[in-house]
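The values are calculated or read from the model by the stated rules, or taken from the named source; none is laboratory data. Since we're looking at a predicted model, the values are computed, not measured. With ideal geometry, Cβ positions are generated from the backbone for all residues, glycine too; neighbour counts draw on all protein chains shown. Ligands, DNA and RNA are excluded from the accessible area calculation, which covers all protein heavy atoms including side chains. Shrake-Rupley method; radii C 1.70, N 1.55, O 1.52, S 1.80 Å.
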Amino acid sequence: MVGIFTELENYGHEQVACFQDKESGLKTIIGIHSTVLGPALGGCRMWPYTDEAAALRDVLRLARGMTYKAAVANLKLGGGKAVIIGDSRTQKTPQLLKAFGRCVDSLGGRYITAEDVGMKVNDIDTIRTQTKHAVGGSNEGGSGDPSIMTAFGTFQGMKAALKFAGLGEDFEGIKVAIQGVGNVGYHLSSYLSAAGAKLYVTDIYPNQIERVINEFGATPVGPDEIYGVDCEVFAPCALGAILNAKTIPQLKAKVIAGCANNQLETESNGFELFKRGVVYAPDYAINAGGLINVAAELDGYNKEVVLGKVSQIHNTIMSILTRSKDEGIPPHVAADRVAEQRLIDAKQGRFAVKS
Ligand code: NAD
């Protein structure tokens, strides 16, 4: 394994903190990528990682993504993320969540946690018994499940991407292949179905698939078959790194627009999609709805204000895709440039010498 400081340098991280709690079995890594724009806010993912290196790599990638997500969404927040090593279905106990809350609290507000894969609203409520630095709960002014706003924002961004690809903005008869129908995939299915789209869905848990078949008339597809579905839009809504050298040649979709974080396995996969003429809506720009929703708690939650801000994701995606075309660069590079400029501007403001 590469040395820890080499990893931090490669990803540009400020801090990585590892905690363990013997009684509850908690093993967690909290990554604070940047606090340039504000406290590092990002969800906590509980996943049975095969080894510690995989967990570390995931938290580093995810936390950096949060910095860029907050910057592009124009929020006064930095980027951070936490991972808990373990199976959320069998190992998530109130003791473990409370121990995690104490770890978050010990960072004194530099990191604010929320939901991610394997975490639910009531888990945040438990974590909040130990720290005030947790958002997305249902108690004390909590904004609740962020996945509805994540899906709503992705739906808005998907409309922009569809229009940019010359397919109009009307989903009637548009075929969308959705990978993963958990929290966000389910709500995205709901928006798309209401707009008249034809859904093809996959998941690794049959009960998740049953729900969208029963409620939205979706067509089930095997996990490996989802890439090759003959459709206009591919919506990754499960885990990351699924746009790679193996999957990209299988894709028939003209547009990729989904809620999952870190969809590109490597930078070069974004260049490959661009070369192939596939319109890729950068993940952290299109899936910022949940972050906007939980961040609103910090200023006193107002749903109407949040809906207005999340609707802006349509314009954000359109302007990133337009910049990509104008500058001849892939959309993920265009999005990075928007984020990096905001960070540079903030640093200059922060370090400006007063005359
Ligand atoms: P979730 O655990 O509720 O749903 C993920 C679903 O994907 C599950 O049903 C799981 O069974 C399925 N899945 C896992 N591996 C799969 C595979 N190989 N093929 C098909 N299905 C598979 O999690 P979620 O909250 O819906 O998050 C999904 C993605 O969206 C993650 O990448 C997450 O980081 C991202 N995201 C979520 C939010 C949010 O508000 N929840 C916000 C931004 C980004």
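Treating each Cα of the stretch 266-321 as an identical point scatterer and summing with the Debye formula, the log10 of I(q)/I(0) at q = 0.18, 0.20, 0.27 Å⁻¹ comes to -0.67, -0.75, -1.04. Highest mobility in the GNM of the chain, judged by mean-square fluctuation with C-alpha springs under 10 Å and restricted to ALA197, ALA114, ALA177, is found for ALA197. Here the chain carries DSSP beta bridges of which approximately 35% are antiparallel, counting only pairs with both residues inside. In terms of packing, defined here as the mean over residues of other Cβ atoms within 10 angstrom, the peptides 27-37, 132-142 line up highest first as 27-37, 132-142. Pop out the carbon and sulfur fraction of the accessible area of the stretch 147-342 as a percent, whole number, probe 1.4 Å. C and S fraction of accessible area: 51 percent. Could you check the simple spin-label distance between VAL305 and LYS132, using points 7 Å along Cα→Cβ, in nm with one decimal? Each label point is offset 7 Å from its Cα along the Cβ direction, giving 1.8 nm. The magnitude of the dipole of the chain, with charges of +1 and -1 set on the Cβ of Lys/Arg and Asp/Glu and taken from the Cα centre, is near 640 debye. Binning all Cα-Cα separations of the stretch 147-342 at 5 Å, short to long from zero, yields these whole-percent fractions: 1, 8, 17, 22, 21, 16, 9, 4, 1, 0. Where does the charge balance sit around SER324 when Lys and Arg score +1, Asp and Glu -1, over other residues with C-beta under 12 Å from its C-beta? Neighbour charge sum, excluding SER324 itself: 0.
Computed from backbone phi with θ = phi - 60° and the Karplus coefficients 6.51, -1.76 and 1.60, the 3J(HN,Hα) list for the stretch 169-179 is 10, 8, 7, 3, x, 6, 8, 10, 9, 10, 9 Hz; x is used for glycine and proline. What the chain shows is 43 Å² of accessible area per residue, with the surface traced by a 1.4 Å probe over protein heavy atoms.
The candidates MET149, MET318, arranged from most to least accessible area with a 1.4 Å probe in the full protein assembly, appear as MET318, MET149. Among ASP58, ASP87, ASP203, the largest mean-square fluctuation in a Gaussian network model of the chain, built with springs joining Cα atoms closer than 10 Å, belongs to ASP87.
GNM on the chain, alpha-carbon springs under 10 angstrom: the most fluctuating residue among LEU251, LEU77, LEU62 is LEU251. In a fully extended conformation the segment linking THR50 and ASP170 would gain 38.9 nm over its present Cα-Cα distance, using 0.36 nm per residue. Averaged over residues, the count of other Cβ atoms within 10 Å places the peptides 90-100, 220-230 in the sequence 90-100, 220-230, highest first. Translational diffusion coefficient of the stretch 230-287 (Stokes-Einstein, Kirkwood radius from Cα pairs, 37 °C, 0.692 mPa s): 296 µm²/s. D by Stokes-Einstein for the chain, Kirkwood Rh over Cα pairs, 10 °C, 1.306 mPa s: 78 µm²/s. Add +1 for every Lys or Arg and -1 for every Asp or Glu among the other residues with Cβ under 12 Å from the Cβ of VAL181, and state the total. Around VAL181, the surrounding residues sum to -2.
Within the straight-line cut-off of under 17 Å between alpha carbons, the lysines reachable from LYS76 are LYS309, LYS347, sequence neighbours fewer than 8 places apart in one chain being disregarded.
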